[in-house]
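One structure is given below, encoded as structure tokens.
The values are calculated or read from the model by the stated rules, or taken from the named source; none is laboratory data. Since the model is a prediction, treat every value here as computed from it, not as a measurement. A quick note on method: Cβ atoms are made from the backbone with ideal geometry, for glycine too, and the neighbour counts reach across all protein chains shown.
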Amino acid sequence: MAEEYKALIGGEWVGSTTGETMDVVNPATGDVVAKVAKCGTAEVDRAVQAARKAGPGWASKTVAERSKVLLNLSRIIMEHHEELAKLETLEHGSPIRKTMNFDVPLCAEQFEYFAGIARAMTGETLPVGPWCTSMTVREPLGVVALITPWNFPALMVVWKLGAALVTGNTCVVKPPSIAPLTTLKLVELAMEAGVPAGVVNVVTGPGETVGEALVSHPDVAKVGFTGDTATGKRIMSIASANVKQVGLELGGKNAFVVLPDADVDSAAEGAVWAAFFNSGQVCAAASRFYIHESIYDEFAEKMVALAVTLRVGDPRKMETVIGPLAYKEHRDKVEWYIESGRKSGAKLLLGGQRPDTDETRKGFFVAPTIFGDCRNDMEVMREEIFGPVAGLARFKTEEEAIGLVNDTPYGLSASLWTKDVRKGLALAGRINAGTVWINEHLIIFCDTPWGGCKQSGWGKDLSKMVLDEYTMTKHIYIDLTGERVKPWYGLLK
Ligand code: NAD
């Protein structure tokens, strides 16, 4: 029997008023492993009211008090390290070596980071004139809605929750419909760590109902969203009705450029990491590879030779590197793109099919796939596939490479591989993206800002910049003269 999970509203675990549930499916086997409350607009409203009610109490705590709660949470997460890792592997299919060594420790580290940076948050005094004091203070926004995607179910909510909580906001989280279990476990641990009832609420349910009800709710001050660009556009349009703030971390079509002087072995290794980590279900995954024609064949051969060694299989096994895609319809979509690549004349260098082993037959697996001889007008080079599919193309000049990199509606990230770091820096300045790595790809720290430009969204997660995302800067002016004659007097009389 699949275990039942409920939503969290005002510190209570509650089912939906209609009694409906949604299935959570293990993508490695296709089995239903849990049932989760399918909430609707009534639960959204109750959760927002619970968050509103909890707001003044949480906002009036000192930053030090809130930071201590996050530090507790960080410790408690590591006490539940294995349990959380197994849960994420179960609902998402991420290999256990990743969830154990990457996702869960990073969640703990990020709460620590947010606990630390908030202590350094300041306002300013502004030297307007000797007759006044003019200062800025930071205030919480109020109730914030955090809507998160399935590709890193735990990490994506932690990025937003840590920043929103430490700055004194109360939250209603809408986790991904297909993978809500780690979020529910994390908020249970948050209450154990000392987050008061109502400060964090979780409403499980479909994006079109629960998500949209949150975005349009008049008492929600901000929506922190990570997800697809099309959903981001919809959220922006709904939020415009009451001029709600939105933070949008959206899709990408990230380029990986190998210049003729690059260390080809290192670049090929980096390419395999960048394309296939988390089965390519990463917003910043490299999926367009532009290789200088002088080293194209050598690079392609080395990348294929490395990719073929990646173990695809049961994500519960420590030796597995590539797990399944997160759900069936997504696997179908990735396969559609592979077919599109074939039809458009790209040369299949590796993969292109479902792996056929006892470990993979029932799940939603796709083998690491590499296409060569790609052109920028092909769908595989233009659209976000979000799967283990890499497209390789040749370029002749740096000018051409930069043109190809920027020829996309997205602007999330890109990487340049060269031994000439000075050249790399100059070219990085010409790439339209929120992050450009030189001789690296897909490395993200708490300390560094994360967020794109163009249709990859706006706003930043992580780094101290995130404090601005979850606070309002208020200006307070105090007249110090005590006199009736003000600076504007001459304009009045
Ligand atoms: P998605 O947009 O389908 O869903 C994201 C969340 O929004 C889910 O919780 C979903 O239920 C909810 N949602 C769906 N429709 C909604 C609506 N109309 N109103 C409100 N909420 C709604 O995205 P996904 O498939 O879960 O995630 C994959 C996408 O996320 C990819 O495009 C990926 O690039 C992007 N992503 C971006 C970043 C980043 O930092 N830029 C990080 C991770 C993932």
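For first residues located in the stretch 439-454 and within 14 Å of the ligand (Cβ to nearest atom), partners that are of a type in the set (Lys, Arg) and lie 6+ apart or on another chain with Cβ distances below 8 Å form the pairs PRO449/LYS460; TRP450/LYS460; GLY451/LYS460.
When VAL246 is tested against (1) part of a helix (DSSP H, G or I); (2) surrounded by fewer than 23 Cβ atoms within 10 Å (Cβ to Cβ); (3) among the hydrophobic types (A, V, I, L, M, F, W, C), just one condition goes unmet, and that condition is (1).
Quick check on SER279: is it in contact with a strand residue (DSSP E or B) (Cβ under 6 Å, 6 or more places away or on another chain) and either farther than 18 Å from LEU412 by Cα or not hydroxyl-bearing (Ser, Thr, Tyr) (or both)? Taking the combined requirement at face value, the residue satisfies it.
Residue count for the stretch 349-371, restricted to those that are within 16 Å of PHE276 (Cα to Cα) and more than 29 Å from the chain's Cα centre (by Cα): 1. Looking only at the stretch 170-226, residues that are at positive phi and either within 14 Å of the ligand (Cβ to nearest atom) or assigned to a helix (DSSP H, G or I) (or both) come to 1 in all.
Scanning the stretch 32-56 for residues that are touching a strand residue (DSSP E or B) at 6+ places or on another chain (Cβ under 7 Å) and free of Cβ contacts under 8 Å to residues at least 60 places away in the same chain, which turns out farthest from PHE365 (Cα to Cα)? Top of the filtered list is ARG46.
Out of all the residues in the stretch 223-242, is one or more of a type outside the set (Asp, Glu), farther than 25 Å from GLY452 by Cα and at pLDDT 95 or above?
no
Taken over the stretch 431-487, the criterion of being β-branched (Val, Ile, Thr), touching a helix residue (DSSP H, G or I) at 6+ places or on another chain (Cβ under 8 Å) and assigned to a loop (DSSP other than H, G, I, E, B) is satisfied by ILE431 alone. Among the residues of the stretch 298-312, those that are touching a residue at least 40 places away in the same chain (Cβ under 8 Å) and within 30 Å of GLU82 (Cβ to Cβ) comprise ALA307, LEU310, VAL312. Selection of helices (runs of 4 or more DSSP H) fully inside the stretch 21-92 by the criterion of at least 2 residues being over 18 Å from PHE111 (Cα atoms) returns 41-59, 81-92. Test PRO409 against the criterion of being surrounded by fewer than 23 Cβ atoms within 10 Å (Cβ to Cβ) and closer than 17 Å to VAL272 by Cβ, and give yes or no. No, not satisfied. Taken over the stretch 250-271, the criterion of being without any contact (Cβ under 8 Å) to a residue 40 or more places away in the chain and either part of a strand (DSSP E or B) or within 15 Å of PRO368 (Cβ to Cβ) (or both) is satisfied by ALA268, GLU269. For ALA274, indicate whether it is assigned to a helix (DSSP H, G or I), crowded, with 24+ Cβ neighbours inside 10 Å, assigned by TED's automatic domain parsing to the domain that holds ALA307 and within 16 Å of the ligand (Cβ to nearest atom). Judged against the criteria, ALA274 is a match.
Scanning the stretch 186-215 for residues that are among the β-branched types (Val, Ile, Thr) and either within 24 Å of ALA34 (Cα to Cα) or touching a His at 6+ places or on another chain (Cβ under 7 Å) (or both) returns VAL187, VAL200, VAL202, VAL203, THR204, THR209, VAL210.
Looking at the stretch 145-164, I want the residues that are within 23 Å of ASP45 (Cα to Cα) and have a partner that is among the charged types (D, E, K, R) and more than 6 Å from the ligand (Cβ to nearest atom) with Cβ atoms under 6 Å, at least 6 apart or on another chain. Which pairs are those? What qualifies is LEU146/LYS160.
Where in the stretch 108-158 are there strands (runs of 3 or more DSSP E), lying fully within it, with 3 or more residues that are surrounded by 16 or more Cβ atoms within 10 Å (Cβ to Cβ) and touching a Lys or Arg at 6+ places or on another chain (Cβ under 8 Å)? Even if it seems obvious, please write down each step before you answer.
Numbers: elements: 124-126, 132-140, 143-147.
Correct list: 143-147.
Report the residue count in the stretch 1-20 for those that are in contact (Cβ under 8 Å) with a residue 24 or more places away in the chain and part of a loop (DSSP other than H, G, I, E, B). Final tally of qualifying residues: 6. Just a yes or no: is a residue in the stretch 248-257 acidic (Asp, Glu), within 12 Å of the ligand (Cβ to nearest atom) and over 17 Å from TYR470 (Cβ atoms)? Among the residues of the stretch 248-257, not one is acidic (Asp, Glu), within 12 Å of the ligand (Cβ to nearest atom) and over 17 Å from TYR470 (Cβ atoms), which makes the answer no.
Of the set (1) over 14 Å from the mean Cα position of the chain (by Cα); (2) closer than 27 Å to ALA284 by Cβ; (3) within 16 Å of the ligand (Cβ to nearest atom); (4) without any contact (Cβ under 8 Å) to a residue 60 or more places away in the chain, all apply to ALA241 but (2).
Could you check, for the stretch 416-423, whether at least one of its residues is hydroxyl-bearing (Ser, Thr, Tyr) and under 30 Å from ALA326 (Cα atoms)?
No: the stretch 416-423 contains no residue that is hydroxyl-bearing (Ser, Thr, Tyr) and under 30 Å from ALA326 (Cα atoms).
Scan the stretch 313-368 for residues that are of a type in the set (A, V, I, L, M, F, W, C) and either touching a residue at least 60 places away in the same chain (Cβ under 8 Å) or more than 16 Å from SER287 (Cα to Cα) (or both) and jot them down.
Residues satisfying the conditions are MET318, VAL321, ILE322, LEU325, ALA326, PHE364, PHE365, VAL366.
Taking the criterion of being under 26 Å from TRP417 (Cβ atoms), of a type in the set (Lys, Arg) and without any contact (Cβ under 8 Å) to a residue 24 or more places away in the chain, would at least one residue in the stretch 285-293 satisfy it? Scanning the stretch 285-293, I find no residue that is under 26 Å from TRP417 (Cβ atoms), of a type in the set (Lys, Arg) and without any contact (Cβ under 8 Å) to a residue 24 or more places away in the chain, so the answer is no.
Listed here are the residues, each with its yes/no results for (1) more than 30 Å from ILE476 (Cβ to Cβ); (2) more than 17 Å from the chain's Cα centre (by Cα).
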{"position": "HIS80", "(1), (2)": "yes, yes"}
{"position": "LYS86", "(1), (2)": "yes, yes"}
{"position": "ARG97", "(1), (2)": "yes, yes"}
{"position": "PHE102", "(1), (2)": "yes, no"}
{"position": "GLN110", "(1), (2)": "yes, no"}
{"position": "THR125", "(1), (2)": "no, yes"}
{"position": "VAL128", "(1), (2)": "no, yes"}
